[in-house]
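For reference, the structure is listed below as structure tokens.
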Amino acid sequence: MIALTRLDGGPMVINIDLIETIEPTPDTLISMSNGDKLYVRESPAEVVDRVVRFKRAIFDGVRASNAATEVAAYDSGARMPAGRNFSSAGDEPCQ
């Protein structure tokens, strides 16, 4: 979810998974997969930037969570599942 600003200045939060298109009409128009059309003050570039930052934060959080789980498993002496061999840095799969 990302926070955006309606044309009247009111705040709104949208589900980025429902975005189909972002158009630079005189005002930014976001078309959603459910048929809604949303006009916002932010530029298309700003909307895309917020989507990318949100998805990156989720990915980084999942990656950190997975690394912590693997470190805990290693510290406990548990065996890693097949195909889950990691480098000493703990964040990159070994080839």
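Computed values, structure above
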read-out	value
Rotationally averaged projected area of the range 2-75 (alpha carbon convex hull; nm²)	5.9 nm²
Charge dipole (debye, nearest 20) of the range 2-75; +1 at Cβ of Lys and Arg, -1 at Cβ of Asp and Glu	80 debye
Summed residue charge, Cβ within 13 Å of residue 32's Cβ, Lys/Arg positive, Asp/Glu negative	-3
Pairwise label distance in nanometres, residue 17 with residue 34, each label 7 Å out on the Cα-Cβ vector	1.3 nm
Cut-off 13 Å between beta-carbons: net charge of the residues surrounding residue 57, Lys and Arg +1, Asp and Glu -1	+3
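Only the coordinates and a few stated rules stand behind these numbers; no lab work does. Small disclaimer: the values here were computed from a predicted structure and weren't measured. Please note: Cβ atoms are built from the backbone with ideal geometry, for glycine as well, and neighbour counts cover all protein chains shown.
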